[in-house]
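For reference, the structure is listed below as structure tokens.
The values are calculated or read from the model by the stated rules, or taken from the named source; none is laboratory data. The structure displayed is predicted, hence computed values, not measured ones. Cβ placement follows ideal geometry from the backbone for every residue including glycine, while neighbour counts extend to all protein chains displayed.
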Amino acid sequence: MFKQILVMALCFSGIWANCPRIPSIYHSKFDKISGDNGYRIKINENPDKYVPGKLYTLYLMGPSSIDIIRRFQRFIVTVESTDHPNNLSPQNVGSFQLYGDNHTTFNEECVNTISERNIQAKSEIFFMWSAPPPGSGCVTFKAMILEDAEHWYAEDGGLSKTFCEQTEKDIKFDENDCCACEEAKYGLIFEGIWSKDTHPKDFPFSLWLTHFSDVIGASHERNFSFWGEGQIATEGFRSLAEWGSVRMMETELRAKAKYLRTIIKASGLWYPNVNTNTSANFKVDRRHHLISVASMFGPSPDWVVGVNGLNLCLKNCSWIPEMTVDLYPYDAGTDSGITYMSPNTETNPREKMYRITTMYPEDPRAPFYDPNKKAMVPMARLYLKREKVIPKQCDENFLNSQVDVSENTEETIRPECAVTDYSAWSDCSVTCGKGLRMRTREYKLPQKAKMFQCNRQLISKEMCVASIAECSEGQTENQSQEEIVPLESLDPTMGGICSTSPWGPWSACSETCGIGFKMRNRFFVDSMGMKKCPQVSTVEKEKCMGPPCGSVKQEEEDPMCPTTTWSDWSPCSASCGKGVKFRQRLLLVIPDLQQKCQSRVELIQQAPCLDTPDCTFDMATAKGTIF
């Protein structure tokens, strides 16, 4: 009885243990022959590294010489984690899939192992392998080949192959044409980082002027570029770089539509939301596999951030899954100003665009000049994530489709999100120097738009110069001579124009675990304070700490339905009061399992959120918050 229990225990443990790559004693009693005898494991197209979640075709084959054809009867192929050989979960090493031929089957005694279906002589077998999710590291394929009862080989030479995960550092931009047949749809998130904390030197005193303009750009062909280091700015790009106006730049892009796949547009980030984010979607294909986008940051003479000719196509004919790009300042070469608030000084003739660094321009007045500091903190950050791969034939017909125009969302085609035309531009907000002007539009069906949570851009802003281009002594860009505020009223505690309400309560932490941030607000008692007291902060942010993320109960994974990791939480659906935020993840399964797994695995989560608890404004304050 004890022997029977022991045998059963050994059999049960054998199912989960690392499968031995040796033939049964019934098939061979001889020792392994060293070497591989020309047999090898091959991955189709010979990729250097695997892309998480991608499906690959592998071969176990003999020598490829015409003169030598070696055949084998039996085989075993396993895959294991290179760093953790005993962890055989498909979530860590991926999973095998079969083509349904007569040569290959899953091994009944071992996890994630394939072997022969019959003992017919064969010169090669092929199978599929679905790569594990991101962060799995390297895996090693190992094989045993049995030619006959006296000759077998295992794990040596070509019978062992290590395949490592492709990380961001491994992505090298291919200078050749893209070979991907499929289209890809990407999500783009532009995040503002620039602040008086990250870039304190001479940060603009008029905080209400700080902003990133609307983001403008396109996915395009290789032989197209509208900005970049060493290029001369067009009139449209000058308008973007100096004033944050994208209208002329968009007109220029539309005139070059034959080179473009998607015109990318995202709303700007204006004070006090400079350090939030804005988003858009775009498509790429084999011909239009590069993207370029730019945004002015201001107030500034002609400074922008962005990317130029960023290649999203990989050498293995697939699309980059995701990418994060730090953005640094560039001078557009159209204005010779040195500081943020330099008066307009046209550069004539225009100079080539150049990257601004801590060493250049070599002028102590420049806000980024710091000879003691080599590295610069990025001004903004770009997040790109592949959302969808759209199967297409490898022909040229679909490449001639009409150019898309992507607003900050894809809601332009939804009838409930239809909007009116923009109004005329307002007057410049100042009587001298640099200020802002704006225009607005409205939803045609405001109640339906609110019901369906439409999120289209309704306010457009850009920089402007007042009729008096430079302020005289005693004036600033946000105050005319008649509007100078007495010094004693600048203290918010003294009861003057700059006096404020008490701070409101802190919002909930933005993260449910780990480090996040919380916010609180206050309001000017006198509505003129919004215009005359830009030095007084009405928003405070503070870091907050939730429970350690490791202590949060981990969700039990479904081995049949592996998924990507959860995305970041979306912005709160309400700017004040209670709202909802969402996050999602994707299935990493073949199409046949999609429908079944959607009923087994949660793919979308929502949670309550509260950015600004109080939604109470007086009418004057509400009007003042436009600027």
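Suppose we filter C561, C498, C464, C544 for residues that are at pLDDT 70 or above, touching a Leu at 6+ places or on another chain (Cβ under 9 Å) and surrounded by fewer than 19 Cβ atoms within 10 Å (Cβ to Cβ); which single one remains?
Just a single option satisfies the conditions, and that option is C561.
With respect to G135, determine if the residue is outside the structural domain of L384 (by TED's automatic domain parsing) and either free of Cβ contacts under 8 Å to residues at least 40 places away in the same chain or part of a loop (DSSP other than H, G, I, E, B) (or both). Spell out how you get there, then give the answer.
Working: outside the structural domain of L384 (by TED's automatic domain parsing): yes; either free of Cβ contacts under 8 Å to residues at least 40 places away in the same chain or part of a loop (DSSP other than H, G, I, E, B) (or both): yes.
Answer is yes for this residue.
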List the strands (runs of 3 or more DSSP E) inside the stretch 150-201, counting only whole elements, that have at least 2 residues being among the hydrophobic types (A, V, I, L, M, F, W, C) and either crowded, with 16+ Cβ neighbours inside 10 Å or modelled with pLDDT under 90 (or both). 151-154, 183-192
Has the stretch 386-396 got any residue that is surrounded by 14 or more Cβ atoms within 10 Å (Cβ to Cβ) and either under 30 Å from S300 (Cα atoms) or modelled with pLDDT under 60 (or both)? no
Could you run through the stretch 203-233 and say how many residues are assigned to a loop (DSSP other than H, G, I, E, B) and either under 29 Å from I459 (Cα atoms) or not assigned by TED's automatic domain parsing to the domain that holds I338 (or both)? 12
Which of the numbered conditions does F12 fail, given that it passes all the others? Conditions: (1) at pLDDT below 85; (2) under 46 Å from the mean Cα position of the chain (by Cα); (3) assigned to a loop (DSSP other than H, G, I, E, B). (3)
G236 versus (1) in a loop (DSSP other than H, G, I, E, B); (2) touching a helix residue (DSSP H, G or I) at 6+ places or on another chain (Cβ under 7 Å); (3) crowded, with 21+ Cβ neighbours inside 10 Å: which is the lone unmet condition? (1)
Restrict the check to the stretch 273-290 and report whether at least one residue is more than 30 Å from Q393 (Cα to Cα) and buried (at least 24 other Cβ atoms within 10 Å of the Cβ). no
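Scanning the stretch 44-62 for residues that are crowded, with 16+ Cβ neighbours inside 10 Å and over 29 Å from the mean Cα position of the chain (by Cα), which turns out nearest to T563 (Cα to Cα)?
Within the stretch 44-62, the subset crowded, with 16+ Cβ neighbours inside 10 Å is 47, 50-54, 56, 58, 60-62.
If we keep only those that are over 29 Å from the mean Cα position of the chain (by Cα) too, we end up with 58, 60-62.
On the way: L58: 23, L60: 28, M61: 32, G62: 36 Å.
Only one residue fits best here, namely L58.
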Odd one out for V325 among (1) surrounded by 18 or more Cβ atoms within 10 Å (Cβ to Cβ); (2) at pLDDT 95 or above: (1)
State all residues of the stretch 322-375 that are closer than 30 Å to I468 by Cα and among the basic types (K, R); if no residue qualifies, say none. R350, K352, R365
